[in-house]
Amino acid sequence: MKNETLLLSGDKFYESILAHLKDAKTSVQIECYIFSPGKLADRLCRSLAELAQNGILVEMLIDEVGSPDFKKVYSKDLKKSFSDRVPRERTGLRRGVA
């Protein structure tokens with residue numbers, strides 16, 4: 001039986017993801033419509049970069065309409081972290097409208 005939780009606020013969403021990232025063994029996939037810069041988003045991106053540097057495949061699908069600041073704030077550093085540590089053919093930092 002799956003354990004599912006409805007997260008009604010951004011803070012709870014990010015905190016839940018951060019808690020679960022520690023259990024990642026092979027890959028992490030995140031899809032977001034709204035990804036706003038801030039302390040929690042910074043923590044999430046640092047955690048994802050650390051996972052990638054430890055060989056975990058990290059893929060993100062970020063909607064550029066709902067997250068217009070993502071590229072200028074996070075994209076460059078995340079791409080570098082992902083591609084430096086994981087073979088390029090397994091790397092994924094994707095942006096676009098879902």
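Observations on the structure shown:
- Check on K2, in a helix (DSSP H, G or I), farther than 25 Å from K71 by Cβ and at pLDDT below 90: no
- Subset of the range 25-76 that is among the small types (G, A, S) and surrounded by 14 or more Cβ atoms within 10 Å (Cβ to Cβ) - its residue that is nearest to Y14 (Cα to Cα): A41
- Flag if V65 is assigned to a helix (DSSP H, G or I), aliphatic (A, V, I, L, M) and either modelled with pLDDT under 85 or over 12 Å from the mean Cα position of the chain (by Cα) (or both): no
- Residue within the range 1-9 that is in contact with a helix residue (DSSP H, G or I) (Cβ under 6 Å, 6 or more places away or on another chain) and among the aliphatic types (A, V, I, L, M) present: yes
The values are calculated or read from the model by the stated rules, or taken from the named source; none is laboratory data. Given the structure is predicted, the values throughout are model-derived calculations rather than measurements. Cβ atoms come from the backbone with ideal geometry, glycine included; neighbour counts cover every protein chain shown.
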